[in-house]
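Any read-out appearing in this document is the output of simple, stated calculations on the displayed coordinates, not a laboratory observation. As the structure is a computational prediction, the values presented were derived from the model and not from experiment. Here the Cβ positions follow ideal geometry from the backbone for every residue, glycine too, while neighbour counts run over all protein chains shown.
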Amino acid sequence: MSANRRPLWIVLALSLGLMVAFTSTALAGHTVRDAVYVKGDDVSVTVGSEPYAVTVGNDVAFFVNISDRGTKAAHGLTLTDTIPAGTSLVAVVPDQGTCVVSTNTIVCSLGDLPSGGRTTVRVITTTPSTQQILGDKATVAVSSPNDPNKSNNKTTGYTQTQTPYPDEVDGYVPPAGGVVSLPHHTSVAHPTSAAVKGSHTTDGFPVEMYVYDNDYYGYCQISQHCFGQIVEIDGLEGLTTAHPATVTLRYDPSEIPGSHTVTHTRLFDHGEVVPHCFGSAGKSAAPNPCVVSRSVLANGDWKIVVRTAEQYAVFQL
């Protein structure tokens, strides 16, 4: 072996030692957190919406997220939020602190936030009846320490309102409860309508609803027991059997095939019969989903109320 050539393992060892020495020198006196977080104070704000595209006239939630990306705690946080023009405020739900509303401006005193901490203020509004892009403007300020980076202290979050399709609707059910309704069909033969009412979940939930003719999907295989339209409900995030959503369905018996006689209404979910809820006074979905009540309205339509904690449900008579 040549005197000026070293074995490969020696070369690797020397290289590794140099890398360790360089790394130790580069990070001397610092922690990994110092290398990731901004030294000192850096408070930022972002805004998202649920749902991103909402049917006109329904509720939308803007999630205003405030983060401390610095190595020091932020004290005396203040959020100023301006809701979009043409919307009406439903609720303001801060994770911490308090909020005061004046016309279309919200000012929240959020207290302190630790280094690496995050807090959220949910701003829930009802959208106007015209199709447009809505922008929620948020600005965050801190009393101490000084925040040298002001570029991320202000932002605008957007949502798109859209005119309703004949058989589709998108909306947000706020934490305090609310209703997202699907317009009924204009055809006399298909007057089905549906509505979802929120329960007392912490965050509320976005809802997507669709209606299809009974031959669109093959969920019900026994034609004698299945008629009417399929109401498909998607979303319902955060629900539990103890805190379900309440779904109201309405059907016109004119959809019963002429060769059949139906004496008992049956509701199916993905082809399975939905049973009655346990206990008439209970508010839980037990079993899940379950039928709360059945009734016949003055005009002969059938009304069925269901509770469900499923994030994805398909109901059909």
Full-extension gain in nm, Thr46 to Ser143, via 0.36 nm per residue minus C-alpha separation: 33.0 nm
Where labels lie 7 Å past Cα in the beta-carbon direction, separation of Ala85 and His276 in nm: 5.6
Reachable lysines from Lys197, criterion Cα separation under 28 angstrom, eight or more residues apart if same chain: Lys283, Lys303
As computed over the range 43-162, the Cα convex hull volume per residue (Å³): 84
Karplus 3J(HN,Hα) series, Hz, for the range 168-183 with 6.51 cos²θ - 1.76 cosθ + 1.60 (x for Gly, Pro): 8, 8, 10, x, 10, 8, x, x, 6, x, x, 10, 10, 10, 9, x
Whole-Å distance, taken between Cα centres, linking the range 277-303 and the range 79-139: 36
Charge dipole of the range 43-162 about the Cα centre (unit charges at C-beta), most positive-ward option of Gly86, Pro128, Val64: Val64
Label-to-label distance, nm, for residues given as Ser295 and Asp203 (7 Å Cα→Cβ offset): 3.4
Order of Glu232, Glu255 - criterion: other Cβ atoms within 10 Å of each residue's Cβ, fewest first: Glu255, Glu232
Cβ-based exposure ranking for Tyr165, Tyr172, in which fewest neighbours within 10 Å come first: Tyr165, Tyr172
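Counting other beta carbons within 10 Å of each residue's own, what order do Thr265, Thr156, Thr126 fall into, fewest first?
Thr156, Thr265, Thr126
Determine, from the Cβ-Cβ distance of His75 and Val101 and an R0 of 30 Å, the FRET efficiency 1/(1 + (r/R0)^6), rounded to the nearest 0.05. It would help to have the intermediate numbers written out before the result.
Numbers: r = 24 Å, r/R0 = 0.80.
So the FRET efficiency works out to roughly 0.80.
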Stretch gain in nm, segment Gln160-Gln131, where the contour uses 0.36 nm per residue and the Cα spacing is subtracted: 9.7 nm
Contact order relative to length of the range 43-162, as percent, for alpha carbon pairs under 8 angstrom and 6 or more apart: 40
